[in-house]
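The values are calculated or read from the model by the stated rules, or taken from the named source; none is laboratory data. For clarity, every value in this text was computed on a predicted model and none was experimentally measured. Positions of Cβ are backbone-derived with ideal geometry, glycine not excepted, and every protein chain shown enters the neighbour counts.
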Amino acid sequence: MMIISRTEILTASILIVDDQSANVQLLEQLLADTGYSRVSSTMNPAEVCELHRAQRFDLILLDLQMPEMDGFEVMEALKLNATDDYLPVIVFTAQPGHKLRALQAGAKDFIAKPFDLIEARTRIHNMLEVRLLYKKIEQDNLHLEQVVAERTAELRESEARYRSLTELAADWYWEQDDGGRFTRIYGPALELLGLAADQEDDTLKQTSAGWDESQRDRLRSAIAERRPFLDFVFSRLRPDGTRQQFRVSGEPMFNAASRYVGYRGIGVEITPTDLPNAAL
């Protein structure tokens, strides 16, 4: 469970915005007596956006009734310049009708004037606790996104290295799903193995012309029993009467729940003088 400490709350940055010096002094004294150590103030509402941009306050205590630029205008300006979607503002108002409007404008809470010091202290504490929790969650999410991006990059690099090594060691790399359908083919396997793309369902199908069916049956049997096989040799008679031979190795794949999900392997075209079939 995520917890905000008292020290984190008391060292949060706070900005007081009020055109009345008496109100500013009252709030500064209240916050100092409570133990807050990072408190700033301004009586000029036009400065708020620039101050917030520079210091990223954890909380802004904002008076609504100010000449030239009122609190509503300040909140609109803050939203236009915000780097996140959270507006850390508590407003002061003596007008009951302004409370709902202030909340609709983006304020997170309000404190009625004249100030009830206990209420003000409680609302400020609660608001800071929520704001700091929000920031922690945001930081954790950014960290998680960074970790995911790094891991994804590592996996892609690993896959690229594996694919590169596979291409060096074999003529093609292949994967099948648990239904025996080819899902990945790297290399000239389509031409070498007589694979053809099915125009209706976009899958790969193997033609039977020229293949030694007894060899293929043995290979199918090994796959059906989910056994790995190494250097299995099978052959194909071309239409011109010449014979092709291939050597393939494969292994079953399982997911994290130990469920069978298919096969993967490599293959090469060989000459008739290469080694005979290895045991399945």
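Do you know which residues across the range 227-259 are part of a strand (DSSP E or B), small (Gly, Ala, Ser) and modelled with pLDDT under 85?
Of everything in the range 227-259, just one residue is part of a strand (DSSP E or B), small (Gly, Ala, Ser) and modelled with pLDDT under 85, namely SER235.
Which residue out of ALA102, ALA120 is crowded, with 19+ Cβ neighbours inside 10 Å, touching a residue at least 40 places away in the same chain (Cβ under 8 Å) and either in contact with a strand residue (DSSP E or B) (Cβ under 6 Å, 6 or more places away or on another chain) or not basic (Lys, Arg) (or both)? Let's see the steps before the verdict.
On the way: ALA102 fails: touching a residue at least 40 places away in the same chain (Cβ under 8 Å).
The unique qualifying residue is ALA120.
PHE57 versus (1) aromatic (Phe, Trp, Tyr); (2) closer than 18 Å to TYR134 by Cβ; (3) assigned to a helix (DSSP H, G or I): which is the lone unmet condition?
Tallying (1) aromatic (Phe, Trp, Tyr); (2) closer than 18 Å to TYR134 by Cβ; (3) assigned to a helix (DSSP H, G or I), PHE57 fails exactly one: (3).
Would the range 96-114 turn up any residue that is within 29 Å of the chain's Cα centre (by Cα), modelled with pLDDT of 85 or more, within 30 Å of GLN25 (Cα to Cα) and among the β-branched types (Val, Ile, Thr)?
No.
So how many residues does the range 69-95 have that are outside any helix (DSSP H, G or I) and either more than 21 Å from GLU28 (Cβ to Cβ) or of a type in the set (Ser, Thr, Tyr) (or both)? Show your work before the answer.
Within the range 69-95, the first condition is being outside any helix (DSSP H, G or I), and the residues that meet it are 69-70, 82-95.
Still in the list and also either more than 21 Å from GLU28 (Cβ to Cβ) or of a type in the set (Ser, Thr, Tyr) (or both): 69-70, 82-87, 93, 95.
Residues in the range 69-95 being outside any helix (DSSP H, G or I) and either more than 21 Å from GLU28 (Cβ to Cβ) or of a type in the set (Ser, Thr, Tyr) (or both): 10 in total.
Specify which of the listed residues (VAL148, VAL130, VAL74) is at pLDDT 80 or above and touching a helix residue (DSSP H, G or I) at 6+ places or on another chain (Cβ under 9 Å).
Values: VAL148 fails: touching a helix residue (DSSP H, G or I) at 6+ places or on another chain (Cβ under 9 Å); VAL130 fails: touching a helix residue (DSSP H, G or I) at 6+ places or on another chain (Cβ under 9 Å).
Only one candidate passes the filter, namely VAL74.
Within the bounds of the range 168-184, is there any residue that is at pLDDT 65 or above, assigned to a helix (DSSP H, G or I), in the same structural domain as MET253 (by TED's automatic domain parsing) and basic (Lys, Arg)?
No, the range 168-184 contains no residue that is at pLDDT 65 or above, assigned to a helix (DSSP H, G or I), in the same structural domain as MET253 (by TED's automatic domain parsing) and basic (Lys, Arg).
Could we say that ARG123 is under 38 Å from the mean Cα position of the chain (by Cα), modelled with pLDDT of 85 or more, among the basic types (Lys, Arg) and over 30 Å from ARG236 (Cβ atoms) here?
Answer is yes for this residue.
Which residue pairs have Cβ atoms under 6 Å apart, sit 6 or more places apart or on different chains, and have a first residue in the range 201-218 that is under 18 Å from ARG238 (Cα atoms) and modelled with pLDDT of 75 or more and a second that is among the basic types (Lys, Arg) and surrounded by 14 or more Cβ atoms within 10 Å (Cβ to Cβ)?
Matching pairs, first to second residue: GLY210/ARG236; TRP211/ARG236.
Out of the residues in the range 9-28 that are assigned to a loop (DSSP other than H, G, I, E, B) and either touching a strand residue (DSSP E or B) at 6+ places or on another chain (Cβ under 6 Å) or without any contact (Cβ under 8 Å) to a residue 40 or more places away in the chain (or both), state the one that is surrounded by the fewest Cβ atoms within 10 Å (Cβ to Cβ).
THR11
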